[in-house]
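Only one structure is covered here, and it is reproduced in the block below.
The values are calculated or read from the model by the stated rules, or taken from the named source; none is laboratory data. The structure displayed is predicted, hence computed values, not measured ones. Please note: Cβ atoms are built from the backbone with ideal geometry, for glycine as well, and neighbour counts cover all protein chains shown. Areas reflect the complete protein model, heavy atoms only, side chains present, ligands, DNA and RNA absent. Shrake-Rupley method; radii C 1.70, N 1.55, O 1.52, S 1.80 Å.
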Amino acid sequence: MSLLEHLDAWDRSLFLAINGLHSSFSDAVMSQVSEPLTWIPVYLLLLFLLKQRFGWNGLAWSVPVIALMVLCSDSGSVVLFKNTVQRLRPSHVEALNGSIHLLTDDKGEILRGGSFGFVSSHASNHFAIAVFMIGVLHGSLRGLAPVLIGWAVVIGYSRIYLGMHYPGDVLVGALYGALIGWSFALLHTGVMMRIQRLG
């Protein structure tokens, strides 16, 4: 068995272990955790923190930078990974039918997500946001980094729990998102320094 086959087998085993921890309560919690609209108050809080740190002018520059970052993270996770690698989500793997726990919508339809799952866009987007905020607010709030990383980890975990992604999908998505987030944090820092010099 090749190294790639060993990694794939480990990935599948860990996925089945996490997905197998389901209960009605956990289903409801993980479903909400995975829903982007759930986190609107968190997004607004992060914008507030940016305003407190950089003022209104800084926030006005931060919003388009963040929007571009999320666009790069989200579209990159699809174009560079999903459409290129084309690894099926576990929810679409016939060999796993009957072995995994999937939720249903209000109409009773099984929630499977799109065909391809490598990498997790949820993981890439939220790790991008987390690392970006850590980079631009470093030193402003003690304990911010572990809270933001923990938040992104929980969202990534929810995607595995719900049967949408293998752990490897989430891990690589997290690394990709972190790289994007750090790159845009450097860009943001450069923009803020320029604004301060001009101001």
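The listed residues are Val147, Val119, Val136, and the only one of them that is open to solvent by 40 Å² or more (accessible area, probe 1.4 Å) and either closer than 18 Å to Phe48 by Cα or outside any helix (DSSP H, G or I) (or both) turns out to be Val147. Being more than 30 Å from Tyr161 (Cα to Cα) and touching a Lys or Arg at 6+ places or on another chain (Cβ under 7 Å) is the filter here; which residues of the range 48-102 pass it? Answer for the range 48-102, where residues must be more than 30 Å from Tyr161 (Cα to Cα) and touching a Lys or Arg at 6+ places or on another chain (Cβ under 7 Å): just Leu59.
Within the range 153-187, the set of residues being of a type in the set (Val, Ile, Thr) and either within 10 Å of the chain's Cα centre (by Cα) or open to solvent by 80 Å² or more (accessible area, probe 1.4 Å) (or both) comprises Val153, Val154, Ile155, Val170. For the residues Val154, Val172, the requirement of being farther than 23 Å from Leu45 by Cβ, aliphatic (A, V, I, L, M) and touching a helix residue (DSSP H, G or I) at 6+ places or on another chain (Cβ under 8 Å) singles out Val172. Are there any pairs, at least 6 apart or on different chains, whose C-beta atoms fall under 9 Å, with the first in the range 1-15 and over 12 Å from Asp169 (Cβ atoms) and the second open to solvent by 70 Å² or more (accessible area, probe 1.4 Å) and not charged (D, E, K, R), and if so, which? Pairs found: Ala9/Met1.
Just to be sure, is Gly190 under 26 Å from Pro90 (Cα atoms), of a type outside the set (Val, Ile, Thr) and either part of a helix (DSSP H, G or I) or open to solvent by less than 60 Å² (accessible area, probe 1.4 Å) (or both)?
Values: under 26 Å from Pro90 (Cα atoms): no; of a type outside the set (Val, Ile, Thr): yes; either part of a helix (DSSP H, G or I) or open to solvent by less than 60 Å² (accessible area, probe 1.4 Å) (or both): yes.
Spelling it out, it is not the case that Gly190 is under 26 Å from Pro90 (Cα atoms), of a type outside the set (Val, Ile, Thr) and either part of a helix (DSSP H, G or I) or open to solvent by less than 60 Å² (accessible area, probe 1.4 Å) (or both).
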